[in-house]
2 protein chains.
Amino acid sequence: MQTLQQSFQVPYTYSIFFTKGLFSLKNTVLSSFFRSFVEAGFQRKALFVIDGGFLAHYPSLPQSIISYFSGVEDAVKLVPDILVLPGGEEAKNDPALFDKIVEAIDEHGIDRHSFVVGIGGGAILDLVGYAAAVSHRGVKHIRIPTTVLSQNDSGVGVKNGINYRGKKNFLGTFAPPIAVFNDLSFLQSLDDRDWRSGIAEAIKVALIKDKAFFEWIEANAEALAQRSEDVMAYLIHRCAEMHVEHIRSGDPFEFGSSRPLDFGHWAAHKLEYLTDFQIRHGEAVAIGIALDSVYSVKVGKLSDDELQRILAVIQKLGFDLYHPKLAENDKINLRNGLREFREHLGGRLTIMLLDRIGKGVEVHEMDADLIAEAVDYLEGHFSSLLMS
Amino acid sequence: MQTLQQSFQVPYTYSIFFTKGLFSLKNTVLSSFFRSFVEAGFQRKALFVIDGGFLAHYPSLPQSIISYFSGVEDAVKLVPDILVLPGGEEAKNDPALFDKIVEAIDEHGIDRHSFVVGIGGGAILDLVGYAAAVSHRGVKHIRIPTTVLSQNDSGVGVKNGINYRGKKNFLGTFAPPIAVFNDLSFLQSLDDRDWRSGIAEAIKVALIKDKAFFEWIEANAEALAQRSEDVMAYLIHRCAEMHVEHIRSGDPFEFGSSRPLDFGHWAAHKLEYLTDFQIRHGEAVAIGIALDSVYSVKVGKLSDDELQRILAVIQKLGFDLYHPKLAENDKINLRNGLREFREHLGGRLTIMLLDRIGKGVEVHEMDADLIAEAVDYLEGHFSSLLMS
């Protein structure tokens, strides 16, 4: 009998809105969004899941949400039980939190045409997105990221995931949100480390794709370090725009082995794990960028002048370029890190390096001795800073 | 700041192969498939998960698989630990079985470019497909369905799922397989009930889409009941072809509320549950088709002549048209069934009825009294059969 060939395309669209004071009663960004879905014959619901860490900064948030939705009842019915879960990496490590969200979806009759709304940092959005993606084979998911990192990077992308037996993002799916709402005023809740942390992804995307954006970051590094809200607003918008363009024009669900946006990430993932998540993701990415930039010079790609500019901007923003865990058994730990990175992506090892500022280049192997030399280089840089 | 608009399409392709003796050493269908993936730089692996119920009929299967793969080592490395799990609905009810597959994927280093192969009936394929879909955000999944139902319907489609707190397919995803291998000789393992059961989906798809195929089933009902392998081969191929065409030309991941292929299924799902899964899915679907066909006459769509032809072919194949649980608290149970069906699909209630043989028509409400009358009609039919 003849072989049957199946072939189709699945279309996805979503918007990323930028606003301030999302739940202020006069702000219609969110209410207009819900009103665009009104359809005769049934009522959609919205279930909220909030990051407890964020809630501590905005204790009035649940009340604001309830007030806001009382004015949108014609379009959507708020589930009055607002779920509050711990944020940060803990959200992704505890399977019971996944169960809590799925149970709430079941109990409150959230169906494929209703909404599960996550508010918080990247970790809780990853958890909420995963629970939403697998309930009823996918209920509509809205992300309201509250950190620089989630507003400019993970929150605007198409992935979700939780950790499993210590392996980061072992369980997850590709499931685009139905909308993302970036509220600049939520960033006031961040401490300096978290404010800074999200900038690492902007440096990353600039280095591999856009020299002009890197030069803009260079020119504005001081203002960013001083927490200028306007400068941060532009950084987030441009970074989100590049992230979204990259997904659209590339391989959105990563069927291939390539993952260009993971520049600097293979070492970063391992470093987060080695420090027991005591350093933030963005802090680890900054070190990972530094390491792969030094390595790029060592294999004759990037120039030393460019490297010095990269290291200078990372430092000017207040990041460390080095962590002692990087050198601890570095040959073993980092080699394992490379292997785990390859396993999670699958297929052939594919690592992004820098050809020059604004232009990444993929390689399929890394030399353990040269990695060790790059670690030594950053350690030397670190020691000289300590002495200066 | 300007709203960002994301929009992209994700392409999917897969083949459905039809063969006999898939693991016979001279059969190259499977080995050719694996050889088409060979790529320098890494070795792909294949992890097998087998339905224990099927294995009881083919105790030599693991040895056959090992022998077969020893000849394909250039292309793919078989994981020698072949996982055997209980099949049937139990596979979807026990979360520990999901964990077992995920653990095996982790332990054996199955990455996104390696394969998880499920062999068995629809339930175990739903479980294996789900575990594969969420591990590393999706490892490649091969389905080898061993029942009529899974070869012509669920196994060639794009869904997976497990049950959660008694709710069918509450957790799952849309995740197309990378390939499906339908081996006709595996159907010899089926008892008469399971052989027959899969024919219900063929009647269903014929009734809503293809009058000529319905007439072919009418003409071949006796041969099908007598287990003619050649006739079954055609039925499976045509049914799979229509299923695949339907997915391609429609809404593959069911973003809308419509689900035409669920004709006869709302009552079937409830009946399976009410009988504690003592009746097979296909047996329940046959009754569900009968019920919605009678209902279609009652609302002035289908003609009575056509109804009699439909009921006759269902009976000729050996199906019951009625189950006493259908009448038990029918107004409450069936109304709940409708509600649960709507909730799982989400949005507005959308039910497929028959305009005529070969042409379905969607409605957005069903009348409880007319449903009860349709149940009475089938019960009367049933009683008269008992007396005849």
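Summed over segment B:171-220, the residues that are closer than 29 Å to A:ARG112 by Cα and in the same structural domain as B:PHE255 (by the TED database) give a count of 11.
Exactly one residue out of A:SER257, A:SER293 is closer than 28 Å to B:PRO11 by Cα and either outside any loop (DSSP other than H, G, I, E, B) or not assigned by the TED database to the domain that holds A:ALA175 (or both): that is A:SER257.
When A:SER67 is tested against the conditions (1) open to solvent by 20 Å² or more (accessible area, probe 1.4 Å); (2) under 25 Å from B:GLN5 (Cβ atoms); (3) not hydrophobic (A, V, I, L, M, F, W, C), the lone failure is (2). If the condition is being closer than 21 Å to A:LEU207 by Cα, in a helix (DSSP H, G or I) and either within 22 Å of the chain's Cα centre (by Cα) or not assigned by the TED database to the domain that holds A:GLU218 (or both), then segment A:312-337 contributes A:VAL313, A:ILE314, A:GLN315. Taken over segment B:306-352, residues that are within 30 Å of A:SER135 (Cβ to Cβ), at pLDDT 85 or above and among the small types (Gly, Ala, Ser) amount to 1. Of all the residues in segment A:187-202, those that are open to solvent by 10 Å² or more (accessible area, probe 1.4 Å) and more than 17 Å from A:LEU311 (Cβ to Cβ) number 8.
Please tell me if B:GLY53 is small (Gly, Ala, Ser), open to solvent by 10 Å² or more (accessible area, probe 1.4 Å) and more than 29 Å from A:THR350 (Cα to Cα).
In short, yes.
Each residue in segment B:248-271 was checked for being surrounded by fewer than 22 Cβ atoms within 10 Å (Cβ to Cβ), more than 20 Å from B:LEU354 (Cα to Cα) and within 17 Å of the chain's Cα centre (by Cα), and 4 of them qualify.
Just to be sure before I move on: is B:LYS45 farther than 29 Å from A:GLY172 by Cβ, open to solvent by 20 Å² or more (accessible area, probe 1.4 Å) and touching a Leu at 6+ places or on another chain (Cβ under 9 Å) in the structure I sent? Judged against the criteria, B:LYS45 is not a match.
Residues of segment B:230-254 being facing chain A (nearest Cβ under 8 Å) and either of a type in the set (Asp, Glu) or part of a loop (DSSP other than H, G, I, E, B) (or both), which ones? Matches in segment B:230-254: B:GLU241, B:PRO252, B:PHE253, B:GLU254.
Could you say whether any residue in segment B:203-219 is touching a Cys at 6+ places or on another chain (Cβ under 7 Å), buried (at least 19 other Cβ atoms within 10 Å of the Cβ) and in a helix (DSSP H, G or I)?
Applying the first criterion (touching a Cys at 6+ places or on another chain (Cβ under 7 Å)) to segment B:203-219 yields B:205.
Those still in the list that are buried (at least 19 other Cβ atoms within 10 Å of the Cβ) too: B:205.
Checking which are in a helix (DSSP H, G or I) leaves us with B:205.
Yes, the conditions are met somewhere in segment B:203-219.
Based on what the data block shows, is B:HIS281 surrounded by 22 or more Cβ atoms within 10 Å (Cβ to Cβ) and within 11 Å of chain A (Cβ to nearest Cβ)? Taking the combined requirement at face value, the residue does not satisfy it.
All told, A:ASP99 falls short of being surrounded by fewer than 24 Cβ atoms within 10 Å (Cβ to Cβ) and touching a residue at least 12 places away in the same chain (Cβ under 8 Å). Checking the structure you have, find out if any residue of segment B:36-50 is away from chain A (no Cβ under 14 Å) and free of Cβ contacts under 8 Å to residues at least 12 places away in the same chain. For segment B:36-50, residues away from chain A (no Cβ under 14 Å) and free of Cβ contacts under 8 Å to residues at least 12 places away in the same chain: absent.
Here's the yes/no breakdown for (1) farther than 19 Å from A:GLN308 by Cβ; (2) open to solvent by 20 Å² or more (accessible area, probe 1.4 Å); (3) in contact with a strand residue (DSSP E or B) (Cβ under 9 Å, 6 or more places away or on another chain):
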site: A:PHE341; (1), (2), (3): yes, no, yes
site: A:ARG348; (1), (2), (3): yes, yes, no
site: A:ILE351; (1), (2), (3): yes, no, yes
site: A:ASP355; (1), (2), (3): no, yes, yes
site: A:GLY358; (1), (2), (3): no, no, no
site: A:ALA374; (1), (2), (3): no, no, no
site: A:TYR377; (1), (2), (3): no, yes, no
site: A:HIS381; (1), (2), (3): no, yes, no
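Scanning segment B:158-183 for residues that are in a strand (DSSP E or B) and of a type in the set (Lys, Arg), which turns out farthest from the other protein chains (Cβ to nearest Cβ)?
Looking only at segment B:158-183, we keep the residues that are in a strand (DSSP E or B), and these are B:159, B:162-164, B:167-171, B:174, B:179-183.
Narrowing further to those that are of a type in the set (Lys, Arg): B:159, B:167-168.
Numbers: B:LYS159: 7, B:LYS167: 7, B:LYS168: 11 Å.
Among those that are in a strand (DSSP E or B) and of a type in the set (Lys, Arg), it is B:LYS168.
Of everything in segment A:1-20, what is facing chain B (nearest Cβ under 7 Å), surrounded by 15 or more Cβ atoms within 10 Å (Cβ to Cβ) and modelled with pLDDT of 95 or more? Give them in sequence order. If you could, list the steps in order and put the result at the bottom.
From segment A:1-20, those facing chain B (nearest Cβ under 7 Å) are A:1, A:3-18; that's our starting set.
Then keep just the ones that are surrounded by 15 or more Cβ atoms within 10 Å (Cβ to Cβ); that gives A:1, A:4, A:6, A:8, A:10, A:12, A:14-18.
Hits for segment A:1-20 are A:LEU4, A:GLN6, A:PHE8, A:VAL10, A:TYR12, A:TYR14, A:SER15, A:ILE16, A:PHE17, A:PHE18.
Being touching a residue at least 24 places away in the same chain (Cβ under 8 Å) and either among the hydroxyl-bearing types (Ser, Thr, Tyr) or open to solvent by less than 10 Å² (accessible area, probe 1.4 Å) (or both) is a property that A:GLY138 lacks.
Within segment B:21-34, does at least one residue satisfy the condition of being facing chain A (nearest Cβ under 10 Å), surrounded by 15 or more Cβ atoms within 10 Å (Cβ to Cβ) and modelled with pLDDT under 95? Looking through segment B:21-34, none of the residues is facing chain A (nearest Cβ under 10 Å), surrounded by 15 or more Cβ atoms within 10 Å (Cβ to Cβ) and modelled with pLDDT under 95.
The values are calculated or read from the model by the stated rules, or taken from the named source; none is laboratory data. No experiment lies behind these values; they were computed from the predicted model shown. Neighbour counts are summed over all protein chains in view; Cβ atoms, including those assigned to glycine, are modelled from backbone coordinates with ideal geometry. The area values use the complete protein model at the heavy-atom level, side chains included, leaving out ligands, DNA and RNA. Shrake-Rupley method; radii C 1.70, N 1.55, O 1.52, S 1.80 Å.
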